[in-house]
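The values are calculated or read from the model by the stated rules, or taken from the named source; none is laboratory data. Since the model is a prediction, treat every value here as computed from it, not as a measurement. Reconstructed Cβ throughout: ideal geometry from the backbone, glycine too, with neighbour counts over all protein chains shown. Keep in mind that these areas ignore ligands, DNA and RNA; they rest on the heavy atoms of the full protein, side chains included. Shrake-Rupley method; radii C 1.70, N 1.55, O 1.52, S 1.80 Å.
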Amino acid sequence: MHVRRGAARDRTFIRELSARVFARFGDYETTLPVMAGRPEVYTLIVEADRQRIGFAMYTIETPAAADLLAIAVLPEWQFHGAGKLLLDGVEAAVRDCAGEAGETSVRLSVAQDNIPAQRLFERCGYRYLPEEQGFYPGGQPSIAMWKRLLPGTSGKTVRP
Ligand SMILES: CC(C)(COP(=O)(O)OP(=O)(O)OC[C@H]1O[C@@H](n2cnc3c(N)ncnc32)[C@H](O)[C@@H]1OP(=O)(O)O)[C@@H](O)C(=O)NCCC(=O)NCCS
(Lines give C-alpha, C1' and ligand atoms only; values in the text may rest on other atoms or scores of the structure.)
Protein backbone atom coordinates (compact mmCIF):
# COMPACT_ATOMS: atom_id res chain seq x y z
CA MET A 1 0.00 0.00 0.00
CA HIS A 2 1.33 3.46 -0.73
CA VAL A 3 0.11 7.06 -0.76
CA ARG A 4 0.68 9.55 -3.59
CA ARG A 5 -0.48 13.03 -4.53
CA GLY A 6 -3.79 13.12 -6.38
CA ALA A 7 -4.15 14.33 -9.98
CA ALA A 8 -6.93 15.26 -12.40
CA ARG A 9 -7.13 11.65 -13.58
CA ASP A 10 -8.27 10.59 -10.09
CA ARG A 11 -11.54 12.55 -10.15
CA THR A 12 -13.63 9.70 -11.54
CA PHE A 13 -12.39 7.48 -8.72
CA ILE A 14 -13.21 10.20 -6.16
CA ARG A 15 -16.72 10.51 -7.61
CA GLU A 16 -17.37 6.75 -7.63
CA LEU A 17 -16.04 6.17 -4.11
CA SER A 18 -17.93 9.21 -2.78
CA ALA A 19 -21.14 7.81 -4.29
CA ARG A 20 -20.54 4.57 -2.40
CA VAL A 21 -19.62 5.90 1.03
CA PHE A 22 -20.95 9.47 1.33
CA ALA A 23 -24.37 9.25 -0.38
CA ARG A 24 -26.31 9.33 2.88
CA PHE A 25 -24.61 12.60 3.90
CA GLY A 26 -25.38 14.59 0.73
CA ASP A 27 -24.38 15.02 -2.89
CA TYR A 28 -20.66 14.56 -2.28
CA GLU A 29 -20.20 12.56 -5.48
CA THR A 30 -20.75 15.87 -7.27
CA THR A 31 -19.09 18.31 -4.88
CA LEU A 32 -15.91 16.42 -3.94
CA PRO A 33 -14.57 15.90 -7.51
CA VAL A 34 -15.19 19.60 -8.18
CA MET A 35 -13.39 20.57 -4.98
CA ALA A 36 -10.50 18.29 -5.94
CA GLY A 37 -9.93 20.54 -8.95
CA ARG A 38 -9.50 23.69 -6.88
CA PRO A 39 -5.93 24.95 -6.45
CA GLU A 40 -6.28 25.34 -2.67
CA VAL A 41 -7.47 21.75 -2.20
CA TYR A 42 -4.89 18.96 -1.90
CA THR A 43 -5.69 15.32 -2.59
CA LEU A 44 -3.90 12.15 -1.55
CA ILE A 45 -4.61 8.78 -3.11
CA VAL A 46 -3.83 5.44 -1.48
CA GLU A 47 -3.16 2.52 -3.80
CA ALA A 48 -2.77 -1.21 -3.33
CA ASP A 49 -1.59 -3.48 -6.12
CA ARG A 50 -1.53 -0.38 -8.38
CA GLN A 51 -5.28 0.13 -7.84
CA ARG A 52 -6.77 3.16 -6.14
CA ILE A 53 -8.41 2.15 -2.87
CA GLY A 54 -8.98 5.47 -1.08
CA PHE A 55 -8.48 9.20 -0.97
CA ALA A 56 -8.15 12.12 1.42
CA MET A 57 -8.73 15.79 0.67
CA TYR A 58 -7.56 18.73 2.75
CA THR A 59 -6.88 22.45 2.70
CA ILE A 60 -4.21 24.39 4.51
CA GLU A 61 -5.99 27.54 5.63
CA THR A 62 -2.90 29.06 7.22
CA PRO A 63 0.43 27.40 8.04
CA ALA A 64 -1.04 26.83 11.50
CA ALA A 65 -4.39 25.32 10.56
CA ALA A 66 -5.44 22.63 8.08
CA ASP A 67 -8.88 21.19 7.42
CA LEU A 68 -9.47 17.56 6.51
CA LEU A 69 -12.37 17.80 4.04
CA ALA A 70 -12.88 14.11 3.31
CA ILE A 71 -11.30 10.71 3.83
CA ALA A 72 -12.62 7.48 2.35
CA VAL A 73 -11.53 3.93 1.65
CA LEU A 74 -13.29 1.39 -0.57
CA PRO A 75 -15.53 -0.74 1.66
CA GLU A 76 -13.76 -3.93 0.57
CA TRP A 77 -10.41 -2.40 1.63
CA GLN A 78 -11.47 -0.97 4.97
CA PHE A 79 -9.84 -2.28 8.17
CA HIS A 80 -6.49 -2.85 6.43
CA GLY A 81 -4.76 0.32 7.58
CA ALA A 82 -5.40 2.48 4.50
CA GLY A 83 -7.33 5.12 6.45
CA LYS A 84 -4.47 5.51 8.92
CA LEU A 85 -1.96 5.70 6.07
CA LEU A 86 -3.95 8.52 4.46
CA LEU A 87 -4.27 10.40 7.73
CA ASP A 88 -0.52 10.05 8.35
CA GLY A 89 0.07 11.39 4.83
CA VAL A 90 -2.14 14.42 5.42
CA GLU A 91 -0.42 15.18 8.72
CA ALA A 92 3.06 14.85 7.19
CA ALA A 93 2.12 17.25 4.39
CA VAL A 94 0.62 19.75 6.84
CA ARG A 95 3.77 19.56 8.97
CA ASP A 96 5.95 20.11 5.90
CA CYS A 97 3.96 23.20 5.05
CA ALA A 98 4.32 24.59 8.56
CA GLY A 99 8.09 24.20 8.38
CA GLU A 100 10.56 23.23 11.05
CA ALA A 101 9.60 25.82 13.62
CA GLY A 102 5.86 25.90 13.11
CA GLU A 103 3.33 24.21 15.29
CA THR A 104 0.21 23.39 13.32
CA SER A 105 -3.10 21.53 13.60
CA VAL A 106 -5.69 19.56 11.65
CA ARG A 107 -9.42 19.99 12.11
CA LEU A 108 -12.24 17.84 10.74
CA SER A 109 -15.97 17.18 11.07
CA VAL A 110 -17.41 13.72 11.50
CA ALA A 111 -20.98 12.46 11.78
CA GLN A 112 -21.93 11.70 15.36
CA ASP A 113 -23.07 8.21 14.30
CA ASN A 114 -19.91 7.45 12.28
CA ILE A 115 -18.21 5.27 14.85
CA PRO A 116 -15.56 3.65 12.56
CA ALA A 117 -14.33 7.09 11.48
CA GLN A 118 -14.37 8.43 15.04
CA ARG A 119 -12.36 5.41 16.22
CA LEU A 120 -9.73 6.05 13.56
CA PHE A 121 -9.44 9.73 14.48
CA GLU A 122 -9.37 9.01 18.22
CA ARG A 123 -6.70 6.35 17.76
CA CYS A 124 -4.63 8.85 15.76
CA GLY A 125 -4.81 11.43 18.56
CA TYR A 126 -7.76 13.64 17.56
CA ARG A 127 -9.82 15.21 20.33
CA TYR A 128 -13.47 16.26 20.22
CA LEU A 129 -14.49 19.91 20.09
CA PRO A 130 -17.96 19.46 21.64
CA GLU A 131 -18.85 23.12 21.16
CA GLU A 132 -18.42 22.79 17.38
CA GLN A 133 -21.43 20.84 16.19
CA GLY A 134 -23.24 21.07 12.88
CA PHE A 135 -25.27 19.12 10.36
CA TYR A 136 -24.56 17.40 7.05
CA PRO A 137 -26.83 18.20 4.09
CA GLY A 138 -28.42 14.79 4.75
CA GLY A 139 -29.41 15.99 8.23
CA GLN A 140 -26.91 13.96 10.29
CA PRO A 141 -25.48 15.84 13.27
CA SER A 142 -21.72 16.28 13.06
CA ILE A 143 -19.04 17.04 15.59
CA ALA A 144 -15.62 18.60 15.10
CA MET A 145 -12.32 16.98 16.03
CA TRP A 146 -8.90 18.53 16.24
CA LYS A 147 -5.27 17.52 16.59
CA ARG A 148 -2.25 19.66 17.30
CA LEU A 149 0.89 18.71 15.41
CA LEU A 150 4.25 19.60 16.84
CA PRO A 151 7.09 20.52 14.49
CA GLY A 152 9.50 17.77 13.59
CA THR A 153 7.47 14.98 15.18
CA SER A 154 5.67 12.06 13.67
CA GLY A 155 2.18 11.74 15.03
CA LYS A 156 3.13 13.20 18.42
CA THR A 157 0.26 15.07 19.98
CA VAL A 158 -0.37 17.56 22.72
CA ARG A 159 -3.74 18.02 24.33
CA PRO A 160 -5.60 21.17 23.31
C1 LIG B 1 -13.19 6.03 8.13
C2 LIG B 1 -12.42 5.19 7.11
C3 LIG B 1 -11.73 6.12 6.12
C4 LIG B 1 -11.36 4.37 7.86
O5 LIG B 1 -10.57 3.70 6.88
P6 LIG B 1 -9.90 2.27 7.17
O7 LIG B 1 -8.97 2.01 6.04
O8 LIG B 1 -10.92 1.27 7.48
O9 LIG B 1 -9.06 2.61 8.50
P10 LIG B 1 -7.93 1.72 9.14
O11 LIG B 1 -7.89 0.37 8.51
O12 LIG B 1 -6.66 2.51 9.13
O13 LIG B 1 -8.43 1.58 10.62
C14 LIG B 1 -9.71 1.00 10.87
C15 LIG B 1 -9.60 -0.22 11.76
O16 LIG B 1 -8.88 -1.24 11.10
C17 LIG B 1 -7.93 -1.80 12.01
N18 LIG B 1 -6.82 -2.29 11.23
C19 LIG B 1 -5.88 -1.56 10.61
N20 LIG B 1 -5.00 -2.37 9.98
C21 LIG B 1 -5.42 -3.62 10.21
C22 LIG B 1 -4.96 -4.89 9.81
N23 LIG B 1 -3.86 -5.02 9.06
N24 LIG B 1 -5.66 -5.96 10.18
C25 LIG B 1 -6.77 -5.83 10.94
N26 LIG B 1 -7.27 -4.66 11.35
C27 LIG B 1 -6.59 -3.57 11.00
C28 LIG B 1 -7.54 -0.65 12.86
O29 LIG B 1 -6.98 -1.06 14.09
C30 LIG B 1 -8.88 0.01 13.04
O31 LIG B 1 -9.61 -0.69 14.01
P32 LIG B 1 -10.32 0.05 15.20
O33 LIG B 1 -11.16 1.14 14.56
O34 LIG B 1 -11.12 -1.00 15.83
O35 LIG B 1 -9.21 0.60 16.04
C36 LIG B 1 -13.35 4.18 6.40
O37 LIG B 1 -14.10 3.49 7.37
C38 LIG B 1 -14.31 4.82 5.40
O39 LIG B 1 -13.96 5.06 4.24
N40 LIG B 1 -15.57 5.08 5.83
C41 LIG B 1 -16.57 5.65 4.94
C42 LIG B 1 -16.29 7.12 4.65
C43 LIG B 1 -16.25 7.91 5.94
O44 LIG B 1 -17.11 7.76 6.80
N45 LIG B 1 -15.24 8.78 6.06
C46 LIG B 1 -15.04 9.63 7.22
C47 LIG B 1 -15.81 10.89 7.08
S48 LIG B 1 -15.37 12.02 8.37
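Within segment 1-33, the set of residues being in contact with an Asp or Glu (Cβ under 9 Å, 6 or more places away or on another chain), open to solvent by 20 Å² or more (accessible area, probe 1.4 Å) and β-branched (Val, Ile, Thr) comprises just one member, 3. The residues of segment 3-51 that are under 16 Å from the mean Cα position of the chain (by Cα) and in a strand (DSSP E or B), listed by number, are 3, 4, 5, 41, 42, 43, 44, 45, 46, 47. In segment 93-102, the residue that is farthest from the chain's Cα centre (by Cα) out of those that are buried (at least 18 other Cβ atoms within 10 Å of the Cβ) and more than 16 Å from residue 4 (Cα to Cα) is 98.
This table checks each residue for (1) open to solvent by 30 Å² or more (accessible area, probe 1.4 Å); (2) of a type in the set (A, V, I, L, M, F, W, C); (3) under 24 Å from residue 11 (Cβ atoms); (4) at pLDDT 95 or above.
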position	(1), (2), (3), (4)
60	yes, yes, yes, no
63	yes, no, no, no
68	no, yes, yes, yes
71	yes, yes, yes, yes
88	yes, no, yes, yes
104	no, no, no, no
